[in-house]
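Report on the following structure.
The values are calculated or read from the model by the stated rules, or taken from the named source; none is laboratory data. All values derive from a computational prediction rather than experimental measurement. Cβ placement follows ideal geometry from the backbone for every residue including glycine, while neighbour counts extend to all protein chains displayed.
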Amino acid sequence: MARSFHIAIGIFLLPTLLSAELLKKPPEVPQELNFVRMLDVDSYAEATNRRGLGAQTTWIRTRYLDPDVNAFVGMLMGFSHFNQDLRIKSPDAPDTAGLMWNWGIDLGLQRGKHLWELDLMGTTLSSDLGAGLGISGEHQLGQRLIFYHRTVINLFAGDAILDADQGFYWMWKWAGLSLGYRWFTSQHMDRSGPHAGVVLRFKNPKIPFLFPSMG
């Protein structure tokens, strides 16, 4: 009788024990359905329309592409340092700073040779905190040549900055060169000019999956 009781208890607890053992292991996702994890770094030096002055900019972004629907999410940050301080709001008593910082999330679609992205960001300049909205696109023109465009509106209380950049990437494997022109203007300021830089693009399953509320 006791032996039968122990066997019945064992059969009853077996599914629970197996489930606990499975939870100790990470879920196995087929490679073709796993997220494609990408990290991009775009850094360039710009010659602004002020003689002898310039700017340096770096954009860092992650993209986690779901190959089932060819859509992605990720995070991004952008830093722009200007050798001559930026000036926003009233020209008589402006807020000034040499550094503008953007941060937020990117959402987008990959369709064949074309990529479209929406950037939802915050932006900081001096003590001013604002909101940024960006639209980006990338279009493969050949095996190594990519045409890109990125337009961001940075909204502050009493002023706004239009940051529109377009140009070309020439990629060789995970590294490349960039060449473009950037329009950077507000009500009382213009820091537009051509730029050149380097592009780094990594695609690796070991890139950490970092995204708000998703781990």
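Listed here are the residues, each with its yes/no results for (1) under 19 Å from His81 (Cβ atoms); (2) over 18 Å from the mean Cα position of the chain (by Cα); (3) at pLDDT 95 or above; (4) among the basic types (Lys, Arg).
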| residue | (1), (2), (3), (4) |
| --- | --- |
| Leu162 | yes, yes, yes, no |
| Gly167 | no, no, yes, no |
| Trp172 | no, yes, no, no |
| Gly176 | no, no, yes, no |
| Met189 | yes, yes, no, no |
| Arg201 | no, no, yes, yes |
| Asn204 | no, no, no, no |
| Pro212 | no, no, no, no |
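For the range 130-169, the set of residues classified as in contact with a Ser or Thr (Cβ under 8 Å, 6 or more places away or on another chain), closer than 18 Å to Val198 by Cα and of a type in the set (A, V, I, L, M, F, W, C) consists of Phe168 only.
Please count how many residues of the range 70-86 are under 19 Å from Trp103 (Cα atoms), in contact (Cβ under 8 Å) with a residue 24 or more places away in the chain and surrounded by fewer than 20 Cβ atoms within 10 Å (Cβ to Cβ). Residues flagged as under 19 Å from Trp103 (Cα atoms), in contact (Cβ under 8 Å) with a residue 24 or more places away in the chain and surrounded by fewer than 20 Cβ atoms within 10 Å (Cβ to Cβ) within the range 70-86 amount to 4. Evaluation of Ala2 against the conditions (1) surrounded by fewer than 16 Cβ atoms within 10 Å (Cβ to Cβ); (2) modelled with pLDDT of 95 or more shows that the sole unmet condition is (2). Only a single item in (1) closer than 19 Å to Asn34 by Cα; (2) touching a residue at least 40 places away in the same chain (Cβ under 8 Å); (3) surrounded by fewer than 19 Cβ atoms within 10 Å (Cβ to Cβ) is not met by Pro67, and it is number (2). Counting residues in the range 47-59 that are polar (S, T, N, Q), closer than 16 Å to Trp183 by Cα and outside any strand (DSSP E or B) gives one or more.
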